[in-house]
Amino acid sequence: MIIAIDGPAASGKGTLARRLAAHLGRPHLDTGLLYRAVARAMLDRGEPLENPGRATAVAAALDPDHLGETRLRDREVGEAASVVSAHPGVRDALLAFQIRFASRPGGAVLDGRDIGTVVAPNAQVKLYVTASPEERARRRLRELAAAGEAPAYETVLADLRQRDDRDAGRAAAPLRVAPDAIVIDTTELGPDEAFAQALAIVTDRVGA
Ligand code: C5P
């Protein structure tokens, strides 16, 4: 059983994916980390993010089995990831690994932007997790505060809107609701309620 979870930044999809995977005893892949690892390597080497050739070479050389999480969660890395992820060559270089992960016997839970549309179009369960930009900005602000950063709410909101526009506006695998995805709007839902909704959908779809 493949469970594909897509949605914009700070929508709660990562938390939901991790919880579902743990509950169902399935492996989980946060595909954003792949793009973040490419971005981190580009930043560390001082490479221009807009250069598709360099970004594609970095993506092709990435060892997705040994990413580590060092400094991948930083705010600047998320922004940079959304720039490098728009290069079709980068996406192609990372696709085979994601398809292999999704095809594991017993299935898997993957979250990202294009799982239900590109990586696993045949997934048995497709969820699109979203929330209002304002609520997502408040959540992101809380995460950043916990990590010792204190940007202004307006800055975080503007960053999120810019990232939404970039992820949905690019030509290669843009962020879209797959036609057969079920939308979970978490604007007014806590993590437990979102999880309960998602689990009910999974159970209904596959009798898990
Ligand atoms: O989900 P996360 O914020 O870690 O993703 C960072 C960036 O990586 C996203 O803004 C998006 O541009 C890119 N991404 C993508 N496709 C995915 C996962 C992430 O393009 N499946």
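Only the coordinates and a few stated rules stand behind these numbers; no lab work does. Small disclaimer: the values here were computed from a predicted structure and weren't measured. Glycine gets a Cβ as well: all are built from the backbone with ideal geometry, and neighbour counts include every protein chain shown.
When peptides 163-170, 106-113 are sorted by average Cβ neighbour count within 10 Å, with the highest value leading, the order is 106-113, 163-170. Distant-in-sequence amide contacts of ILE182, defined by a placed amide H-H separation under 5 Å and a gap of 5 or more residues or a different chain, comprise LYS126, LEU127, TYR128.
If the segment from GLN162 to GLU149 were pulled out straight at 0.36 nm per residue, it would be longer than the present Cα-Cα gap by 2.7 nm.
Remark: region 41-52, residue by residue, has Karplus-estimated 3J(HN,Hα) of 5, 5, 5, 4, 8, x, 7, x, 4, 6, 7, x Hz, where x stands for each Gly or Pro and the curve is 6.51 cos²θ - 1.76 cosθ + 1.60 at θ = phi - 60°. Helical content alone sets the calculated 222 nm signal of the chain at -16500 deg cm²/dmol, taking -39,500 (n - 2.57) per DSSP H segment of four or more residues and averaging over every residue. Each of GLY46, ALA198, PRO121 was scored by the projection of its Cα onto the charge dipole of the chain, and the greatest displacement toward the positive side belongs to PRO121; charges sit on the C-beta of Lys, Arg, Asp and Glu. Here's the picture: charge each Lys and Arg Cβ at +1 and each Asp and Glu Cβ at -1 in the chain, and of ALA80, THR15, ALA60 the one pushed furthest to the positive end of that dipole is ALA60. Stretching the chain fully between ASP180 and GLN124 yields a gain of 19.2 nm (0.36 nm per residue, less the alpha carbon separation). Between ALA108 and ILE2, ILE3, the built amide H atoms are under 5 Å apart, and every one of these is 5 or more places off in sequence or on another chain. In plain terms, the chain from THR187 to LEU199 could stretch by 2.5 nm, reckoned as 0.36 nm per residue minus the Cα-Cα distance.
A Förster distance of 22 Å, applied to the separation of the beta-carbon atoms of ALA171 and GLU50, puts the FRET efficiency at 0.90.
Quick one: 3J(HN,Hα) in Hz for region 129-135, Karplus 6.51/-1.76/1.60 with θ = phi - 60°, rounded, Gly and Pro as x. My calculation for region 129-135 gives 9, 9, 6, 4, x, 5, 5 Hz in order. Of the residues THR130, PRO174, ILE3, the one whose Cα sits farthest towards the positive end of the charge dipole of the chain is ILE3 (charges of +1 on Lys and Arg Cβ, -1 on Asp and Glu Cβ, taken about the Cα centre). Mind running the shape call on the chain? Use the C-alpha gyration tensor, a ≥ b ≥ c as the square roots of the eigenvalues: rounded below 1.5 for a/c, prolate if a/b tops b/c, oblate otherwise. Verdict is oblate for the chain.
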